[in-house]
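One structure below.
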Amino acid sequence: MDSSDMTITYKAIRDRARQDAQDRAPDYPKKGTVEAWESFQFDVEAMDAFEIAHESSEWDWIIYYHRAMELCQAVPRDVLDDAESEWHDMGAYMGDQFGLYEFAVQLAAIIVQREIMEAVESLKEELIDMAETQLDNM
């Protein structure tokens, strides 16, 4: 996704995280059989939120210093505080060349990974409910 012109807002972050989750979700069953829906449900349950977030979080909003700063400014204060706490809990040390911009990149990465993980978990719940409903109706 080319988002270089996009204004970074908290809604845009959440929307992009949801899109990442949807992109990694299994395809809907092509057949309306019990086996197809059970297989779909199994695939949904196997989605690993951490792995998906880790693999799909290399956004341009993170890797460029100025975009990471914008991202950190766009989120609610509690989200930023939680990311900073997590960063400190990790015991991260970046050396003498570590400054404000590098810190913003680290926090932005944590924020994006969290948003993607939450989006994946939410999508999993929706898709599992949908699959169970389909199976109940068969």
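Being surrounded by 18 or more Cβ atoms within 10 Å (Cβ to Cβ), in contact with a Ser or Thr (Cβ under 8 Å, 6 or more places away or on another chain) and either modelled with pLDDT of 95 or more or under 17 Å from Met130 (Cα atoms) (or both) is not true of Ala17.
Being within 15 Å of Glu55 (Cβ to Cβ) and over 9 Å from the mean Cα position of the chain (by Cα) is the filter here, so list the residues in the range 101-123 that pass it. Listed by number, the list holds a single entry, Ala109.
Across the range 42-65, the number of residues qualifying as over 10 Å from the mean Cα position of the chain (by Cα) and either at pLDDT below 90 or of a type in the set (Ser, Thr, Tyr) (or both) comes to 8. Being among the hydrophobic types (A, V, I, L, M, F, W, C), in a loop (DSSP other than H, G, I, E, B) and either out of contact with any helix residue (DSSP H, G or I) (no Cβ under 7 Å at 6 or more places or on another chain) or surrounded by 12 or more Cβ atoms within 10 Å (Cβ to Cβ) (or both) is the requirement here; does Met138 meet it? Considered against the rule, which asks whether it is among the hydrophobic types (A, V, I, L, M, F, W, C), in a loop (DSSP other than H, G, I, E, B) and either out of contact with any helix residue (DSSP H, G or I) (no Cβ under 7 Å at 6 or more places or on another chain) or surrounded by 12 or more Cβ atoms within 10 Å (Cβ to Cβ) (or both), Met138 comes out as no. Against the condition crowded, with 20+ Cβ neighbours inside 10 Å and modelled with pLDDT of 90 or more, how does Glu115 come out, does it pass? When the stated conditions are applied, Glu115 passes them. Across the range 41-64, a minimum of one residue is classified as among the aromatic types (Phe, Trp, Tyr) and either in contact with a Cys (Cβ under 9 Å, 6 or more places away or on another chain) or assigned to a loop (DSSP other than H, G, I, E, B) (or both).
The values are calculated or read from the model by the stated rules, or taken from the named source; none is laboratory data. Model, not experiment: these values are computed from the prediction. As a convention, Cβ positions derive from the backbone with ideal geometry for all residues, glycine included, and neighbour counts pool all protein chains shown.
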